[in-house]
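Remarks on the structure that follows.
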Amino acid sequence: MIKLVHAGKKFDDLVLLKDFNISFEKNKITCLFGPSGVGKTTIANIVAGIVPLDEGLVEGVDNSLFSYVFQEPRLLKWYSVYENMDFVLKDVYKDEKRVKIIDTYLEMVELSQYKNYKIDALSGGMAQRVSLARAFAYPSHILIMDEPFKGFDFKLKNEMISLFKRMWEKSQRTVIFITHDVEEAIDLSHMIYTLKNRPLEIIDIIIVNNNREEIKNKLLSL
Amino acid sequence: MMNSIMRNKGKLLIILFWILAWEIGSLIIDQEIYLPSPHAAFSALINLLTSKETYITIFYSTYRTLAGFFLSCLLGIMLGIVCGIRKPLYDLFNPLIIIMRTVPVMSIIIIAIMWFKDNNVPIFVAFLMCFPIIWTNTVTGIRSTDVKLLEMCQVYKIKKLRVIKSVYLYSSLPYIQAGMISALGIGWKVTSAAEVLSLPKYSIGRFLYDSKVYLEIPDLFAWTIIIISLSFLFEGLLKFIFRSGDQHD
């Protein structure tokens, strides 16, 4: 279990978190659902150690490795697809193993033929698939996805979601998934936190089961 | 193909126009000491190009310019990287760089003459004049690095040295290259200036000085043409290296 305990965070005069508690179950996909700008990314960044807490503490992340699928692909555009994967894996795996792992994951996202392409030559969807492959190829314990399908059309989004599901089945890890898209939230998550207000509050905790319509109505009514 | 021939033709015509303007100017003034004719300058140039000493001189002056230039690149880029990343170091070095940028070249040359052997004065001066340009451009380049990429590196726990090599350096490369090109041009100018005052045995500056002393003004023009040509040649070479480097990546 990963926990934020009595967390407090201010940005100048803006109190984002005050005595805030939340927990994420290991090897499950937990969704942070809520309007833009409410502080979902901040929570994820606190867990990942990018943003320090003013008060309180993060439990259960000692010695954890993180990977992250950002809203944008965040790839090095002067490197090829392969080199971008290699860049994050270099300190983790030996040469031979690295080649194998990169090939495996590029295969999974169906980009094997493009491995020597420069990032500039890829479409937005392809670039985001590289970012997804990078996140799964890295031996992280915790994977953060911050609105990774934002701006994609319906078809591309569905492709990415099923791709994600397949990859997660193969290599299960703790996932914090940020979105304000109802369909995405229900499709991917085991559990959904609905968040609102400033300082941030948890409005509801939803366990995703087969009652999709009911959950959908609940999320839409927020 | 056709297009590039037309463009070159246009360029040639422009050059011919200015040479003609020079010719007319020299005809009006009609005093070789003030403004020799293009014909006099070019025949002095051809005369120079037949002498072995000229090539030795060109070799030594080129060596000095490039030595100063490479030294400033090496130190300017290295120091620029660390100052670009670490703000306190930037604050520490910035006043020094500002002073280097504003001190008159002549003061530096005269001080350098007191400190060094005549041969090394131009190298030191070229270094001192080029260094701030390279440093400033490198710092600007490093600071232009996308914070989002750095955040990505932080998440994936990439080692600092690799972040510098793969992220900072590539991001700032266009700035560093632009800095190197302008520094090289300035390098040629200040090296000749320093040579005129320090008078190393084989140096273009010494010949510039001699032509003033002996009033051989066409020679002065001929040597100037040589410096300009060398400057263009090496700038072209540098740009060629950068371009082929880009294609290689």
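The values are calculated or read from the model by the stated rules, or taken from the named source; none is laboratory data. Computed from a prediction, not measured in an experiment: that's the story for all the values here. Virtual Cβ from ideal backbone geometry, glycine too; neighbours counted across all protein chains shown.
Quick notes
Residues are listed down the side, and each one gets a yes or a no for (1) at pLDDT 95 or above; (2) closer than 18 Å to B:Y175 by Cα:
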{"position": "B:P36", "(1), (2)": "no, no"}
{"position": "B:A41", "(1), (2)": "no, no"}
{"position": "B:A44", "(1), (2)": "no, no"}
{"position": "B:T50", "(1), (2)": "no, no"}
{"position": "B:I58", "(1), (2)": "yes, no"}
{"position": "B:L66", "(1), (2)": "yes, no"}
{"position": "B:F69", "(1), (2)": "yes, yes"}
{"position": "B:G76", "(1), (2)": "yes, yes"}
{"position": "B:V82", "(1), (2)": "yes, yes"}
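- Residue within region A:47-68 that is surrounded by 17 or more Cβ atoms within 10 Å (Cβ to Cβ), within 25 Å of A:K218 (Cβ to Cβ) and hydroxyl-bearing (S, T, Y) present: no
- When restricted to residues that are more than 13 Å from A:I2 (Cβ to Cβ) and either more than 8 Å from chain B (Cβ to nearest Cβ) or at pLDDT 95 or above (or both), region A:35-64 contains 15.
- Residues that are touching a residue at least 24 places away in the same chain (Cβ under 8 Å) and of a type in the set (F, W, Y) within region A:60-92 comprise A:F66, A:Y68, A:F70, A:W78, A:Y79, A:Y82, listed in sequence order.
- Residue match in region B:92-103 (condition: surrounded by 20 or more Cβ atoms within 10 Å (Cβ to Cβ), in contact with a helix residue (DSSP H, G or I) (Cβ under 6 Å, 6 or more places away or on another chain) and more than 14 Å from chain A (Cβ to nearest Cβ)): yes
- Candidates B:S231, B:S203, B:S198, B:S171, filtered to the one that is touching an Asp or Glu at 6+ places or on another chain (Cβ under 8 Å) and under 30 Å from B:Q31 (Cβ atoms): B:S203
- B:G245 out of contact with any helix residue (DSSP H, G or I) (no Cβ under 6 Å at 6 or more places or on another chain), of a type outside the set (D, E) and part of a helix (DSSP H, G or I): yes
- Meets criteria (outside any helix (DSSP H, G or I) and not acidic (D, E)) for B:I158: yes
- Residue within region B:69-85 that is of a type in the set (G, A, S) and either farther than 21 Å from B:I186 by Cβ or touching a Leu at 6+ places or on another chain (Cβ under 6 Å) (or both) present: yes
- Any hit, region B:87-101, residues being free of Cβ contacts under 8 Å to residues at least 12 places away in the same chain and in a loop (DSSP other than H, G, I, E, B): no
- Tally of residues being part of a strand (DSSP E or B) and of a type outside the set (S, T, Y) across region A:155-211: 15
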